[in-house]
Every structure is written in C-alpha cells, then in structure tokens.
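Structure, as structure tokens:
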2 protein chains.
Amino acid sequence: MENERLKKQIEFLKEIDKLKQVFRQTLLMDGTRHENDAEHSWHLAMMAMVLSEYASEKIDISHVIKMVIVHDIVEIDAGDTFVYDEKGYEDKAEREKKAAERLFNILPEDQANEIKGLWEEFEERKTKDAKFASALDRMQPIIHNYYTNGHSWREHGVKSYQVLERNKIISEIAPELWQFINDILEDSINKGYIER
Amino acid sequence: MENERLKKQIEFLKEIDKLKQVFRQTLLMDGTRHENDAEHSWHLAMMAMVLSEYASEKIDISHVIKMVIVHDIVEIDAGDTFVYDEKGYEDKAEREKKAAERLFNILPEDQANEIKGLWEEFEERKTKDAKFASALDRMQPIIHNYYTNGHSWREHGVKSYQVLERNKIISEIAPELWQFINDILEDSINKGYIER
C-alpha cells in the first residue's frame, strides 16, 4: 500500500478489533455469556439515540454517540475495571492513559488527537455531553443486571446503596432516568436480586 | 413504571440486545470466533469516523454513524444473509421489512419512524451518506477476510471476481478505498486466500 495515511488508519481499525475480546462483568440480557466492550459501546450508541430526550440540558446527540463509540477502546490494553472495584480504580487512570497513548497514536496525528480528545472529554465528565454519555454508560449495566436477576451484583456482593452512590451522575443529567434506576433497584431488592 | 413512553424505549433497548447473538460469516481478526452484528456495527461506526475523508462526495459523518449503528437490527428476526448467498437474497428484502415492522414499532411512534427511516435510507443506497455507509459495510468483511487468510471466502468458495462484482458500490463513493480493496484482493490471490 503506497498511501501511508490509509495504512495507519487500517492498522488502527485492525488493532481495535481486539475490543471485541475485552469482556465485562455484565451478562447479555439472555444470561448466556458476558458482554464485550464493542457490543456494549454499540448498545450505548443506540441508547443515546433513543434516550436523549431525558437529558436535562441541551446535548449534541451525534457528539455523545461519538464519545460512547470510542470510550472503551483504551480497555484493549488497560482491561475492564468493574465500577465497584475500588482497588482497580486506584491505577485505572494511569493504565488507561498509557493505553490511549499507544492505541490512538497508531492513527495519523490529526485523527489521534481527535479521538483522544473525545476519550478525554468522556473521562473528565465535565461537559454536558460527557455527563450524559457517562450516565448511559452507568445505566446500561444496571439494566442488564436487573434483567439477569442481579447476576454481577450477586457475584460481587454489590449492595443497592453502592449502586446509588457510584452512579449518581445519572441523577444530575437525567433525573427521569435516575427515577427509573431507583424504581428497578427497589424492585430488585423486592425480588432478592440485590441487598439494600 | 408509570412513564409509558420510557417503558417502550427500555423494552426496545432490551429487545435489541439480541443483535449480540446474531453471528456473521466473518471471523474476528484473531480468527478465534465468528463476529456478531452488534460488534460489526460498532466497528463500522469507528470506520466512519476514521475513513470519512475518502468519500468522493461531501457526507454527514454523524448521519452515516447513525445509519451503520441501526442498519443490522432487522437481522434479529431476519438473520444474517451472506453477501454472496444468491438464494438468501431472494427473500431478504421481504424478511427484513417484516422484521423492521415488528422491531422498530416497539418504540414510541415518532422514534420508530426515525429509526425506520435511517434503516430504509441505508437499504435503498440512494443518498451519498447511505452509499458511503454501505461501502463501509461491504469493506469491513473484506478486510477481516484478508487478515484471517480468506476464511469465509474459502469456506464458501467465493472467487475474487465475485468480491469485485458484489462490492463495486465502494468504487463509486470511495475510489481510494476501492483501490485498497483491489490491492488486498490481489495480495490475497498471491497468498492463496482466494481464487481469481
């Protein structure tokens, strides 16, 4: 291939195929296997399209979609960190920053900066788009847990108060979705999927 | 849940989880297993972000991304049709139309129309955005086949002339990507991954 720029782009697209092999704690809704990061990212993009009306501030849906599509790529090197794993969170930022350097820099410089910018915006959770993207990212595994009888909550002994504590970013940017989360958590307690 | 609209939206987001269990002919780049439609759709969204500069007409990347994110949802009911399966293509449109009616109509009417509109635009391949989205959809399995020593080409006895014939939509909307496809096909012939 003579086109050096395209060569780098294809190399990056080949490398990120590995995201399909990064497995999460969450099970698929049918409970048959763990979900991987690529599927999860796709699901978040669909959530962004369907649930954007619940954002309490005006958001740019297309920008949110781009963020959720790229947000987990760093986990190819850094691995998935379970949201309730306090120890894993200690060096998460460092591991992921290193991963971002290696992975995004496979791309031509301008695109590396663009994609890294989207990832950093997501990680910092400062803009309203990033907050909404993050809320979807936090909400999706809760829904999966609800529909799989609390699988990863039970496996890791996660309590309802921890779910509420760790995911309250949802309450700021999407109060109606937060109400929904509270409702299914209450139902999960009643059904024995999770302890209060 | 009192909010009937949110209830429909969540039901839809739950239903489309099944896309993660619709497997394609293509193997992952590491050759360990078949790829599913959700992962594939995510990969196309990344390709749209990285390769949009090769579109020969001005395209709306965000619109292309939305289209590739939704384009395969109908396969939850209709199944994946291998692009070289002429018999499967006979009733593909009919099967997928029926699937679209059932699946998208789980959503509130306005959103059902929006998502169905994106899917129809993709299927009709008339707009420049749809042509580019379709080109990516055709290009991705060719790259996967190249990096997995021609796995699904060999499995189904697909010839190089068929790949060129079935995927020429790429040549119209992205000539440089078409050149790249021609280059890797030529290399695939030399390496014995595919017959001319």
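The values are calculated or read from the model by the stated rules, or taken from the named source; none is laboratory data. Given the structure is predicted, the values throughout are model-derived calculations rather than measurements. FYI the Cβ positions are ideal-geometry reconstructions off the backbone, even for glycines, and counts take in every protein chain you see.
Please indicate, with yes or no, whether at least one residue in the range A:42-49 is more than 12 Å from the chain's Cα centre (by Cα), at pLDDT 95 or above and within 8 Å of chain B (Cβ to nearest Cβ).
Within the range A:42-49, one or more residues are more than 12 Å from the chain's Cα centre (by Cα), at pLDDT 95 or above and within 8 Å of chain B (Cβ to nearest Cβ).
Out of the residues in the range B:99-154 that are of a type in the set (Val, Ile, Thr) and in a loop (DSSP other than H, G, I, E, B), state the one that is nearest to B:ILE61 (Cα to Cα). First the steps, then the outcome.
Applying the first criterion (of a type in the set (Val, Ile, Thr)) to the range B:99-154 yields B:106, B:115, B:127, B:142-143, B:148.
Checking which are in a loop (DSSP other than H, G, I, E, B) leaves us with B:106, B:127, B:148.
Numbers: B:ILE106: 27, B:THR127: 13, B:THR148: 29 Å.
Result: B:THR127.
May I ask you to list pairs of residues, at least six apart or on different chains, whose Cβ atoms are under 7 Å apart, with the first in the range A:27-38 being within 9 Å of chain B (Cβ to nearest Cβ) and over 18 Å from A:GLU75 (Cβ atoms) and the second being among the hydroxyl-bearing types (Ser, Thr, Tyr) and not in a loop (DSSP other than H, G, I, E, B)?
A:MET29/A:TYR147
Within the bounds of the range B:79-94, is there any residue that is outside any loop (DSSP other than H, G, I, E, B) and either touching a His at 6+ places or on another chain (Cβ under 8 Å) or touching a residue at least 60 places away in the same chain (Cβ under 8 Å) (or both)? Spell out how you get there, then give the answer.
So the first thing to find is which residues in the range B:79-94 are outside any loop (DSSP other than H, G, I, E, B), and the list is B:86-90, B:92-94.
From the residues that got through so far, the ones that are either touching a His at 6+ places or on another chain (Cβ under 8 Å) or touching a residue at least 60 places away in the same chain (Cβ under 8 Å) (or both) too are none.
No: zero hits.
Just checking, which of B:LEU185, B:LEU136, B:LEU177 is in contact with a helix residue (DSSP H, G or I) (Cβ under 6 Å, 6 or more places away or on another chain), more than 25 Å from B:ASP72 (Cα to Cα) and in contact (Cβ under 8 Å) with a residue 24 or more places away in the chain?
On the way: B:LEU136 fails: more than 25 Å from B:ASP72 (Cα to Cα); B:LEU177 fails: more than 25 Å from B:ASP72 (Cα to Cα).
Of B:LEU185, B:LEU136, B:LEU177, the one residue that is in contact with a helix residue (DSSP H, G or I) (Cβ under 6 Å, 6 or more places away or on another chain), more than 25 Å from B:ASP72 (Cα to Cα) and in contact (Cβ under 8 Å) with a residue 24 or more places away in the chain is B:LEU185.
Does the range A:50-63 contain at least one residue that is facing chain B (nearest Cβ under 7 Å), free of Cβ contacts under 8 Å to residues at least 12 places away in the same chain, among the hydroxyl-bearing types (Ser, Thr, Tyr) and under 30 Å from B:LEU6 (Cβ atoms)?
We begin by selecting, within the range A:50-63, every residue facing chain B (nearest Cβ under 7 Å); these are A:50-51, A:62.
From what is left, the residues that are free of Cβ contacts under 8 Å to residues at least 12 places away in the same chain are A:50, A:62.
Applying the additional criterion that residues be among the hydroxyl-bearing types (Ser, Thr, Tyr) yields A:62.
Next cut, under 30 Å from B:LEU6 (Cβ atoms) only: A:62.
So far as the range A:50-63 goes, yes, one or more of its residues are facing chain B (nearest Cβ under 7 Å), free of Cβ contacts under 8 Å to residues at least 12 places away in the same chain, among the hydroxyl-bearing types (Ser, Thr, Tyr) and under 30 Å from B:LEU6 (Cβ atoms).
Among the numbered criteria (1) surrounded by 15 or more Cβ atoms within 10 Å (Cβ to Cβ); (2) over 26 Å from A:ARG5 (Cβ atoms); (3) not polar (S, T, N, Q), which single criterion is violated by A:PRO108?
That leaves (2) as the condition not met.
Taking the range A:20-55 as the region of interest, how many residues are in a helix (DSSP H, G or I) and among the charged types (D, E, K, R)?
Here is the first cut: in the range A:20-55, the ones in a helix (DSSP H, G or I) are A:20-21, A:37-54.
Now narrow it down to the ones that are among the charged types (D, E, K, R): A:20, A:37, A:39, A:53.
Here the count works out to 4.
Residue by residue, here is whether (1) farther than 25 Å from B:VAL50 by Cβ; (2) within 12 Å of chain A (Cβ to nearest Cβ); (3) exposed (fewer than 15 other Cβ atoms within 10 Å of the Cβ); (4) touching a residue at least 40 places away in the same chain (Cβ under 8 Å) holds:
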{"position": "B:ALA100", "(1), (2), (3), (4)": "yes, no, no, no"}
{"position": "B:ILE115", "(1), (2), (3), (4)": "no, yes, no, yes"}
{"position": "B:THR127", "(1), (2), (3), (4)": "no, no, no, no"}
{"position": "B:TYR161", "(1), (2), (3), (4)": "yes, no, yes, no"}
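Against the definition (facing chain B (nearest Cβ under 9 Å), in contact (Cβ under 8 Å) with a residue 60 or more places away in the chain and either in a helix (DSSP H, G or I) or in contact with a helix residue (DSSP H, G or I) (Cβ under 7 Å, 6 or more places away or on another chain) (or both)), how does A:GLU15 come out, yes or no?
Details: facing chain B (nearest Cβ under 9 Å): yes; in contact (Cβ under 8 Å) with a residue 60 or more places away in the chain: yes; either in a helix (DSSP H, G or I) or in contact with a helix residue (DSSP H, G or I) (Cβ under 7 Å, 6 or more places away or on another chain) (or both): yes.
It is true that A:GLU15 is facing chain B (nearest Cβ under 9 Å), in contact (Cβ under 8 Å) with a residue 60 or more places away in the chain and either in a helix (DSSP H, G or I) or in contact with a helix residue (DSSP H, G or I) (Cβ under 7 Å, 6 or more places away or on another chain) (or both).
In the range B:180-192, how many are out of contact with any Leu (no Cβ under 9 Å at 6 or more places or on another chain) and either over 17 Å from B:VAL83 (Cβ atoms) or surrounded by fewer than 16 Cβ atoms within 10 Å (Cβ to Cβ) (or both)? Give the steps one after another, and end with the answer.
In the first step, residues of the range B:180-192 are kept if they are out of contact with any Leu (no Cβ under 9 Å at 6 or more places or on another chain); the result is B:183-184, B:186-192.
From what's left, either over 17 Å from B:VAL83 (Cβ atoms) or surrounded by fewer than 16 Cβ atoms within 10 Å (Cβ to Cβ) (or both): B:183, B:186-187, B:189-192.
Total meeting the criteria: 7.
Would you confirm whether or not the range B:129-149 contains a residue that is touching an Asp or Glu at 6+ places or on another chain (Cβ under 8 Å), farther than 20 Å from A:ILE69 by Cβ and away from chain A (no Cβ under 11 Å)?
yes
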